[in-house]
Every structure is written in C-alpha cells, then in structure tokens.
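Q: Sharing a structure, written as structure tokens. Questions coming.
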Amino acid sequence: MSDASVNVKKRQMMTADGIPLKRSLRISLRREKLRGLALLAVPALFVIMLFIWPIYTLFQKSIDDSFVNDVLPRTMAIYEKWDGEDLPGEVHFEAMFLDLTTAEKLEIGKVSTRMNYAKSGWKSLIKKSNRKFKKFDPQKALLPQMIKADKRWGDIEFWKSLGIMKDRRTAGYYWNAVDRTYDSKKNVIMQPENRRVYVMFWKRTLLVSAIVTVACLILAYPVAYLLATLPLRVSNLLMICVLMPFWTSLLVRIVAWMIMLQQQGVLNDSLVGLGIIAEENRLPLMYNFNGTLIVMTQVLLPFMILPLYSVMRGIPPTYMKAAQNLGATPSWAFLRVYMPQTVPGVGAGVILVFIVAVGYFITPELVGGKDGQMIGNQIAYHLRKSLNWGLASAMGVMLLVAILVLYWVYDKIVGIDNMRLG
Amino acid sequence: MSEFHEMGFVEFSKVQKSYDGESLVVKDLNLSVGKGEFLTMLGPSGSGKTTCLMMLAGFETATHGEILLDSRPINNIPPHKRGIGMVFQNYALFPHMTVNENLSFPLEVRGQGKAEREANVKKALDMVQMSEFGHRRPAQLSGGQQQRIALARSLVFEPDLVLMDEPLGALDKQLREHMQFEIKHLHERLGVTVVYVTHDQSEALTMSDRIAVFDDGVIQQLASPNDLYERPENAFVAQFIGENNRIDAVVSEIHGDKVLVEYNNGGKGEALAVNCGDVGSKTTLSVRPERVRIGEKVGVNSIDAVVKELIYLGDHIRCRMDVMGNDEFVVKIPNSATSISMDVGEKTSVSWDVSDCRALDA
Ligand SMILES: Nc1ncnc2c1ncn2[C@@H]1O[C@H](COP(=O)(O)OP(=O)(O)OP(=O)(O)O)[C@@H](O)[C@H]1O
Ligand SMILES: [Mg+2]
C-alpha cells in the first residue's frame, strides 16, 4: 500500500463546522428517510385500516369457534375426561348445569344457536331445560333431574356433538360452505340431502359470472372499437351514452328493466301485440336466471368498455394500414394485427367484470327470483337474517381466495403488467 | 434521365385531392415515374406529399383524376390487392410479433409454404444485415434496427414498387446518412421502383434519380438533383434547394436568352432569362453563394458590398454581406491557400458570371 492511500485513510473528512463528514451524511440521510416514512405512514395506515384489518378479522371470524368454550367453560374443561361411549358421569352434568345457570341469558341464546349447527335440537333443549333448571335441587344429583326434565340429556349424540366444538379454531364453516359438515367423530361428511344448497350456489355464481363476462366482452368490443376509431365529435357523444348508467342509480336502472322485461312488461306486450309470440308464450325474462343475466350484463358493460377503449385508443391506425399494404384483407388484418394488440384490454375487462360479478347480490336479489340468486345473496342472508357470521365470513374468504386465484392464473397466462385498466 | 419519362410505371394524371371539399390539398398533379426509378417527393410540411403517397397505396382516394400502375388504373383496387411495398414514417412494425413473424406476414397472406417463407425471410434479413435479430420483438430493437426491419418487410414479398414516407425521420444524423446509402444501394441492387418522401433536401439530393419539389399541392419542378440545384426554374425551388441569394429587380431589356435588369437602387446587371416576364415586369434573381466572387470588379455583374459577419466553417468561410440594403447576402469562400483575408466592416465588391445568375418569377 502506498503512503498516500494510508494517509487518506487516517485523515477523516470533516464538514465546515468540524463534524465528521460521514456522520453528517448519515444524519442528513436519516432525516430524509424519516420524512419518507412519515409520508408513507398515512397511506399505509389507510391501507391497514380499510383493507388488511377487515380482511384479517373476516378470516378470524371464519375460523373462530371459541364461543362454546367461553360460555360453557366448566363443561368443556372436563369434556376430555369422558370416554365418549357411555353416558357421561355426574360431574359432566353438574358442569353443564352450572354453566347454563351462571351464563348470561343473551349469551346462552347465542351459544345454543351455535350448538344447533353442530346438532339440531340443542337450541330447543337448552331453552326448555333453562326454564326447568330453576326448580332443581342443587343438593341432589343433577344427572337424573336433567334427564327427567328432558330425556334428550340422556342421548349421548348430544354430548358427542360437543366434541366438534371443543377446539377454538375450526374449519367447519368452510366445510359448511361446500355442503359438508362434521360428524360426531369430527369426520367430514356430506350434509343431509335437504341441506345441500351452497355447492349449487357456487356453481351458479361462477356460471352467471362467466356468461355475463362473455356477454359483456361480445357487446363491449364493437362499442369500444367505435369509440376509439370514430371522429372525436361522434365518439364523445357515444361515450356519454356509455357512461350514462354510471350517472343513474342502480335501483332506477333495475326498475326500468323490470318494466321492460316482466311478463306483462313492455317487451312482452310488444311481441304479443305484433303477433310474434302467442299470449300464453310470454317470455320469462324477469325474476329468474335470465333476469339476473340480462341486468347484470347491462350494469357491468361499462367496466368492459372502458379498459378496452383505453387500449384501443392507443393503437395507431397505421398498423391496420401496414397490414393491408402487406396484402392482408381488412378482416384478416383486424384478426391478426388489431385484435392481438387489444389483449391487455380484454384481460383487464374480463378480470374486472368477473370479479365484480362474482360478488353481486343486489341485482340478483331484485330481479333474480328463485333461480337467479347467487352466493352473494347467501352471504347477505347469513349476515342479516340467520346471523351465522362464521359461515358468512368463510364464504367471503372463499370468494376472496377465488378471485386471487383467478388473478394468479391471469398473471401466468397474460401477465399482470400487460393489463391496462385505463 | 429521359428514359424514365416514356415508360411511366406509375402515372398520376390530373390528380386532385380534397379532404374537406373546400380546399385542394393536391392540385392537378401530373407525374410519371419510370420503372426502376428512385423518385423523391420533396417539399415543406403540409405540401401534400404524404397525401400523394397514400393515394398511391390506396388509403386515400383521389377526388379527381386517375392513377395508373403499370398502365392499369388502380383507383378502384383496394390497398391489399395493389402489391405495393411501403415503409411508414414510424415503421409500423407489429409489436406483438417477432421480427421473423413480421416479415413472414406478407408471405403468409400470399399463401407461401413454411419452408419458402423461412428462406425468403432469411434472405430479406441478410439483405439488411439483421439475421441475428429474427426472434426479437420490435420493442427490443433500436430505432435504426427497426428501420432496417421495416425496410426488409416492405421488400420481402418482392414488390415492383416501394413507397417510403420519411423513413429516416426519427434517426440521428449519422445513422440517417448511413441508411441513405444503404437504401440507395438496395435500390440499385434490386432494381425496384421507389417513391420516396422527405422534407430533408440533402437526403433527396443524395438518393434520388429525380426529385419532385412540392409546394402547396403543386409540383414546382421535377428534375434530377443536379438540374434542380444548378438550374432551378422558379424562385421557390431556388430558395428551397440549397442556399440561395435572391435579388429583386425589374426586367429592362431582353436579348435572346439573356435579360438586362435594373436593381432597386438603380444599378444594372445581366442574367439568364429563365422564368421572367416581359420588359417592365418584376423578377427575382438567384445566385448561389459559392458562385459569387469577392473583390474583383469584372464583367457586368459587379456590386458594392460591406462585410457584416465572417463564420469559419473549416473547409469554407461563410461571409454575410450587405448588398444593396439586403444584409442576408451570403458568400462562401473556399478555404484554400490563396484565399483572401477580410475584416468585418470592410467595403468591397461582389461579382458573378451572367451564366450563374438566373432571372426567375417574382
Ligand atoms: N386526413 C386528413 N383530413 C383532412 N386534412 C388532411 C388529412 N391529412 C392531411 N390533411 C391536410 O392535407 C395537407 C397535406 O398533408 P400531407 O400529410 O400530405 O402533407 P405532407 O406534405 O406529407 O407534410 P409533412 O411533411 O408534414 O408530412 C395538410 O394541410 C393537411 O392538413
Ligand atoms: Mg407527411
């Protein structure tokens, strides 16, 4: 090593006021970094509060099963001691009695609802027993008293069903969401025939979303093409027509469709009036599967048109000219040169429409009748009517996962960076 | 170059074009391009060059008149049946296809088999020295490389006629000059007819057999580069091609192919009668800067001048002078051992031969 380089190492660089340069640089960098972090904190907080936290609690809710443990602590604490074959001993009955008599009434109502999912009958059993418990003599053995009050206490199937709720975490809601449930040994079995509904709803939801997406694509493509190629004056007018639905309330639009499409509606009346169809053959276009399809397609159409339009507008007309100049007919040029360049727009539109469609529930609720309901309606039902939030959350998480999977597949096939939303 | 006129491979006959029905963008165009010729349309922006090209390619229809290709009227033939190659200003390479697929496209459309296509694509890529780039996408190529691919694509299906609309406009000066020579050599080797559009006059002079100078939808002059520079027929061409000194004057006498003129300050001179009116009419004299001599008072055309500015440009010195109140008068002095030295503000005189001074329209 030469003398010079040794010298450089020894001599520390100083700033004008004598602080070592390195430290000064570090301080100034740190300040900058802190400022950057502070700026980042606001959006980060926003994201956490509005996206991550709700999704996390949704997930928690969907696997949470600590309710029974919380309300019936004594019973669940000694549950393991039971052999699971003979009738449980006096201690178990005593624990159950104490739990049910000490817990708050409201909690008991809720917990019996939860227990009813595991075995139907629990709710009425607890309700009935609770009335009779007041007359019990706590000094005497409780087992015979309880069985006397309701003989279901002697049915070990009820006691077995408690085992399903023993763990504080459960995948049960997810199994419920696909028409499966636990038996008393915690094996996954099919729901009884008459309770198998959700698989059908899932299938229908995917079917409706797929049909609506394809219909939107077919309708939107020519419209977007016109928007992108017509002279500005005309295309602006067309754009207003496309965006009109955004300015109209969803309910107004749906009511308009109802008036148009119902059995005694404008369309059917006109068709009958013109003699195209017979009076008794009025088309069933509303309050069924068709109604859901038609209205959802109309409502979601702009979500397809806009990304397509934005991509198409960026394709210079010279490509079509070049293709024709090279000998391609206009239609072949369109197919080979124009359409492939619109793939990013198609991808964005398809993803967007499909994702929105999968979660739809207001439109199916209003125009879907019986066979046009989707999984979103089931979620809403469990949130608002049956109050089975665990199941509703599980379905929500499944929807979310389905969308993420879709996104991943899209990324593999087309590439997310290729997607142009506008 | 007169052999081109007779054959007329491409023929514009009384062609007019209007986009809005109010004004003519192309006015009564008559132009005949010979087979194998390299013809350039040169003109300022908006003079209708691209419009002419687009009519030839079939993307615009002539409002009036007829266009013939190989003696066949093509007004009603759609673009894809014309078999004309074209290089677009922004290349228009298909971004979703590789270079090979781009070149294959016109061959596919023409129903060539796979093996034949591959051979032709390879040949075309070799021609522009781009054979290693066949599997790249256009976005992965530099501007000059894209330009070559566009050129190869326009030639790969062996058209008889290739149109090029400012194909080098986006390239830097050095690459542009290099590509000018390559295009020129390709043209010579393949013998295709080229109609080339540019507004860069040096490009036009370098490459063309003949140049059609456009202004305002009218061909101002159609001539070889040499003629265009040496013998401009009107004031616009003289001004547009190369550097030019213009002097306003009035015709006072006509003697055969020569005219006597009177300058605005009363001085007199003599010029070639190229495109001037009768006695008493106004005319514009055109003198090239390199044909002006400084200091010697010889002949009829000798005028007092004052040196305003001297710019040293290596091979020559540009001298801006005040001649009869016009201080934009430029003289190019070759930088030779014998060249005279001058100072700014020096009073001297300029003179030129009668044959170097052309009397044109006012
Ligand atoms: N599609 C069109 N509609 C209306 N007017 C047009 C259209 N295309 C060109 N013009 C007009 O026609 C005239 C000639 O245009 P053109 O493109 O032929 O000029 P150019 O000579 O190619 O110019 P540049 O060197 O700038 O490319 C211009 O005034 C232009 O405004
Ligand atoms: Mg142009």
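Q: Could you check the simple spin-label distance between A:Phe59 and A:Lys81, using points 7 Å along Cα→Cβ, in nm with one decimal?
A: 3.8 nm
Q: Still on this structure, I have one more. Does chain A come out rounded, prolate or oblate, given a ≥ b ≥ c as the square roots of the eigenvalues of its C-alpha gyration tensor, rounded meaning a/c under 1.5 and, failing that, prolate meaning a/b above b/c? Please report the intermediate quantities before stating the final value.
A: On the way: a/c = 3.01, a/b = 1.26, b/c = 2.39.
Judged from the Cα gyration tensor, chain A comes out oblate (a/c at least 1.5, b/c at or above a/b).
Q: Could you tell me the center-to-center distance, by alpha carbons, between the range A:32-90 and the range A:130-158 in angstrom?
A: Using only Cα atoms to place each centre, the spacing works out to 34 Å.
Q: Working with all protein chains in place, sort B:Glu22, B:Glu309 by solvent-accessible area computed with a 1.4 Å probe, largest first.
A: Largest accessible area first, the list is B:Glu22, B:Glu309.
Q: In addition: How many nm is it between the label spots at A:Glu279 and B:Ser23, if each spot is 7 Å from the Cα in line with the beta carbon?
A: 6.8 nm
Q: For n ≥ 4 DSSP H runs only, could you compute -39500 (n - 2.57) per run for chain A, divide by its residues and tell me the 222 nm figure to the nearest 500?
A: So the helix-based figure for chain A works out to -21000 deg cm²/dmol.
Q: Let me know the longest stretch in chain A that avoids all GluC sites (Glu not before Pro) found in a DSSP loop with at most 13 other C-beta atoms within 10 Å.
A: That would be A:105-422.
Q: A follow-up question, please. Please identify which residues in the range A:65-80 have an amide N closer than 14 Å to a label point set 7 Å out from the Cα of A:Val91, following the Cα→Cβ vector.
A: A:74-80
Q: On to the next question. With the Cα gyration tensor of the range B:13-72 giving a ≥ b ≥ c as the square roots of its eigenvalues, does the rule (a/c under 1.5 for rounded; else a/b larger than b/c for prolate; else oblate) give rounded, prolate or oblate?
A: Values: a/c = 2.00, a/b = 1.34, b/c = 1.49.
Taking the square roots of the gyration eigenvalues as a ≥ b ≥ c, the range B:13-72 is oblate.
Q: Let me ask something else. Suppose only helical runs count, i.e. DSSP H with n ≥ 4. What mean residue ellipticity at 222 nm does that imply for chain B under -39500 (n - 2.57) per run, divided by all residues and rounded to the nearest 500 deg cm²/dmol?
A: Computed mean residue ellipticity for chain B: -7000 deg cm²/dmol.
Q: What is the magnitude of the charge dipole of chain B about its Cα centre, with +1 placed on the Cβ of each Lys and Arg, -1 on the Cβ of each Asp and Glu, and no other charges, expressed in debye to the nearest 20?
A: For chain B, the charge dipole is close to 1020 debye.
Q: With every protein chain left in place, what is the accessible area of A:His382 in Å² (1.4 Å probe, nearest 10)?
A: The accessible area comes out at roughly 10 Å².
Q: Could you tell me which trypsin sites (Lys or Arg not before Pro) in the range A:345-422 are loop residues by DSSP with no more than 13 other beta carbons within 10 angstrom of their beta carbon?
A: Here the trypsin sites (Lys or Arg not before Pro) that fit, given the DSSP loop and packing criteria, are A:Lys370, A:Lys385.
Q: Could you pull out the trypsin sites (Lys or Arg not before Pro) across the range A:105-162 that fall in loop regions by DSSP (anything but H, G, I, E, B) with no more than 15 other Cβ atoms inside 10 Å?
A: Those that pass, being in a loop and sparsely packed, are A:Lys134, A:Lys135, A:Lys140.
Q: For the full complex of protein chains and a 1.4 angstrom probe, list B:Leu93, A:Leu250 by accessible area with the highest value first.
A: A:Leu250, B:Leu93
Q: State the antiparallel share, in %, of DSSP beta bridges confined to the range B:10-234, rounding to the nearest 5.
A: Percentage antiparallel, nearest 5: 50.
Q: Which lysines have a Cα lying under 20 Å from the Cα of B:Lys268, excluding residues fewer than 8 positions away in the same chain?
A: List returned: B:Lys258, B:Lys282, B:Lys297, B:Lys347.
Q: Roughly how many whole Å is it from the C-alpha centroid of the range B:84-159 to that of the range B:281-349?
A: 51 Å
Q: Count the DSSP beta bridges whose two residues both fall in the protein assembly as shown, then state the antiparallel fraction as a percent rounded to the nearest 5.
A: 75 percent
Q: Now a separate question. Could you pull the accessible area for A:Ile52 with a 1.4 Å probe, rounded to 10 Å²?
A: 100 Å²
Q: Figure the gain on full extension for A:Lys385 and A:Ser331 (residue separation times 0.36 nm, minus the Cα-Cα span) and round it to one decimal in nm. If you can, show how the numbers build up before the last one.
A: Numbers: separation 54, 0.36 × 54 = 19.44 nm, distance 5.48 nm.
Stretched fully, the A:Lys385-A:Ser331 segment lengthens by 14.0 nm.
Q: Let me cross-check A:Leu217: its accessible surface, 1.4 Å probe, with only protein heavy atoms counted, in Å² to the nearest 10?
A: 50 Å²
Q: When a/c is below 1.5 the answer is rounded, else prolate if a/b is larger than b/c, else oblate, so apply that to the range A:202-257 with a ≥ b ≥ c taken from the square roots of the Cα gyration tensor eigenvalues.
A: It is oblate, given that a/c is not under 1.5 and a/b is not larger than b/c.
Q: Based solely on C-alpha atoms, express the radius of gyration and the Dmax of chain B in angstrom.
A: Expressed in Å, the Cα Rg and Dmax of chain B come to 24.5, 77.
Q: Further question: Projecting each Cα onto the charge dipole of the range B:1-71 (Lys/Arg +1, Asp/Glu -1 at the beta carbon, about the Cα centre), which of B:Leu31, B:Met55, B:Tyr19 comes out farthest on the positive side?
A: B:Tyr19
Q: May I pose another question? Determine the distance separating the Cα centre of the range A:196-272 from the Cα centre of the range B:166-231; give it in Å without decimals.
A: 55 Å
Q: Let me ask something else about it. Under 18 Å between alpha carbons, and skipping anything fewer than 8 positions from B:Lys173 in its own chain: which aspartates and glutamates qualify?
A: Cross-link targets: B:Asp165, B:Glu182, B:Asp200, B:Glu203.
Q: What's the magnitude of the charge dipole for the range B:53-175 around its Cα centre, counting Lys and Arg as +1 and Asp and Glu as -1 at the beta-carbon? Answer in Debye, nearest 20.
A: 280 debye
Q: Anyone know which of A:Gln139, A:Gln324, A:Gln378 comes out most mobile in the 10 Å Cα GNM of chain A?
A: So, out of A:Gln139, A:Gln324, A:Gln378, the one fluctuating most is A:Gln139.
Q: Please list B:Val298, A:Val208, A:Val199 in order of solvent-accessible area, largest first, computed with a 1.4 Å probe with all protein chains present.
A: B:Val298, A:Val199, A:Val208
Q: Which is farthest toward the positive dipole end of the protein assembly as shown among A:Val367, A:Leu243, B:Asn264, measuring Cα position about the Cα centre, with Cβ charges +1 (Lys, Arg) and -1 (Asp, Glu)?
A: Result: A:Val367.
Q: I'd like the FRET efficiency for B:His135 and B:Leu190, computed as 1/(1 + (r/R0)^6) with the beta carbon distance as r and R0 of 30 Å, rounded to 0.05.
A: 0.70
Q: What's the buried accessible area, both sides, between A and B using a 1.4 Å probe, rounded to 100 Å²?
A: That pair hides around 1800 Å² of surface in total.
Q: Assuming R0 = 45 Å, can you tell me the calculated FRET efficiency for the pair B:Asp327 and B:Asn30, based on Cβ-Cβ distance, to the nearest 0.05?
A: Numbers: r = 40 Å, r/R0 = 0.90.
Once the sixth-power term is evaluated, E becomes 0.65.
Q: While we're on this one: Once you charge only the Cβ atoms, +1 for Lys and Arg and -1 for Asp and Glu, what is the size of the charge dipole of the protein assembly as shown about its Cα centre, to the nearest 20 debye?
A: Once rounded to the nearest 20, the dipole reads 6120 debye.
The values are calculated or read from the model by the stated rules, or taken from the named source; none is laboratory data. The model shown is predicted, which means the values in this text are computed figures rather than measured ones. Backbone-built Cβ (ideal geometry, glycine too); neighbour counts: all protein chains shown. The protein model used for the area step is the full one, side chains on, heavy atoms only, and it has no ligands, DNA or RNA in it. Shrake-Rupley method; radii C 1.70, N 1.55, O 1.52, S 1.80 Å.
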